[in-house]
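A short reminder: the numbers here are calculations on the coordinates, not readings from a lab. Keep in mind that this is a model prediction, so the values were computed, not measured. Note: ideal-geometry Cβ built from the backbone for every residue, glycine included; neighbour counts use all protein chains shown.
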Amino acid sequence: MSENVSKKEDDIEASKAPLITHLIELRDRLKWAVLFFFLSFCICYYFANSIYDFLVDPLYQIYIKNGIENPRMIYTALTEAFFTYLKVSFYGALFISFPILAMQIYKFAAPGLYKNEKSAFLPFLIATPLLFASGAALVYYFIFPLAWNFFLGFQTSTAEAGMAIELEAKVNEYLSLVLKLMFAFGLAFQIPVALTLLARAGLVNSSQLKKRRKYAIVIAFVVAAILTPPDLISQIGLGIPIIVLFEISILLAVFFENKKVKTKNKSKAKKKLFGETDFNE
């Protein structure tokens, strides 16, 4: 009896060692990711004014196009501009350091994956930041000019009305809206990655996605209405790409399903061939 108890205790102690080793490795990888994030934050804060100029440029161009001289932004709280620069630096650092964080997580999980699982996961790891950047670029170069022009159309002069309506954009509110939209579009562009991974895991298939296409269209515009400002341009600008990305996800699911079937057929053919060879021998 005492031998069994001591054996169990030895097994428990032996299992602690690999766990502690994994936790140490996870700590080290997160440490490097956090360090890179901190360095990225410092660099982004140093160039915060340039990042601000880049983010505000769509509104500035609309001002110039409409003949508005000396366009400006205001802040009404003493610390508003400072915390706005911190916010810009934080999101900039998050965008820059995300590939490093994802790579560290992948390297931590890679030893527990099979070779085919590694080759299947790596393309999605590369596609995630590229798709995010594509979504952010779409909203910056296409949606912002249309949306800002729409909102500035509500301005009036004293000649048109007794009391003029003029925009006095606040720094914090403008940049919060810009960052919210860019991250909303960036996350929406992750739909192919998420659905394709689910399809490869066998949790969904192409026929299920096709059956739910009409629900996906409704959900796409509901999500667009929640994430974007209350104007039709922004909502359509986000809703249509989500639908297109959903259709791309269906095509990718079909592609991997066909690939899986071909692999199974080849495996069966090899087994059959070797079985016949062994039988003849």
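List the residues, sorted by chain then number, that are 5 or more residues from Lys170 or on another chain and whose placed amide H is less than 5 Å from its amide H.
Sorted by chain and number, the residues that satisfy this are Ile74.
Spin-label point model (7 Å from Cα, Cβ direction): what's the Ala109 to Lys87 distance in nm?
Placing both labels 7 Å beyond Cα along the Cβ direction yields 3.2 nm.
At a Förster radius of 45 Å, what calculated FRET efficiency corresponds to the Cβ-Cβ distance of Lys264 and Phe154, to the nearest 0.05?
E between Lys264 and Phe154, to the nearest 0.05, is 0.15.
Taking the Cα centre of region 22-150 as the origin and placing charges on Cβ (Lys, Arg +1; Asp, Glu -1), which of Pro123, Ala81, Leu146 is farthest toward the positive end of the dipole?
Pro123
Can you run phi through the Karplus equation (6.51, -1.76, 1.60; θ = phi - 60°) for region 240-254 and list ³J(HN,Hα) in whole Hz, with x for Gly and Pro?
With coefficients 6.51, -1.76 and 1.60, one gets 5, x, 4, 5, 4, 5, 5, 5, 4, 4, 5, 4, 5, 5, 4 Hz.
Cα gyration tensor of region 33-83, axes a ≥ b ≥ c as square roots of the eigenvalues: rounded (a/c below 1.5), prolate (a/b > b/c) or oblate?
Judged from the Cα gyration tensor, region 33-83 comes out oblate (a/c at least 1.5, b/c at or above a/b).
Starting from the Cα-Cα distance between Leu39 and Ser134, subtract it from 0.36 nm times their residue separation and give me the gain in nm to one decimal.
Result: 31.7 nm gained on full extension.
Just to check I understand the Karplus step: with θ = phi - 60° and J = 6.51 cos²θ - 1.76 cosθ + 1.60, what whole-Hz values come out for region 75-88, glycine and proline as x?
9, 9, 9, 4, 9, 4, 5, 4, 5, 5, 5, 5, 5, 4
What distance in nm lies between label points placed 7 Å from Cα along the C-beta direction at Leu251 and Ala194?
Distance between the two pseudo-spin positions: 2.1 nm.
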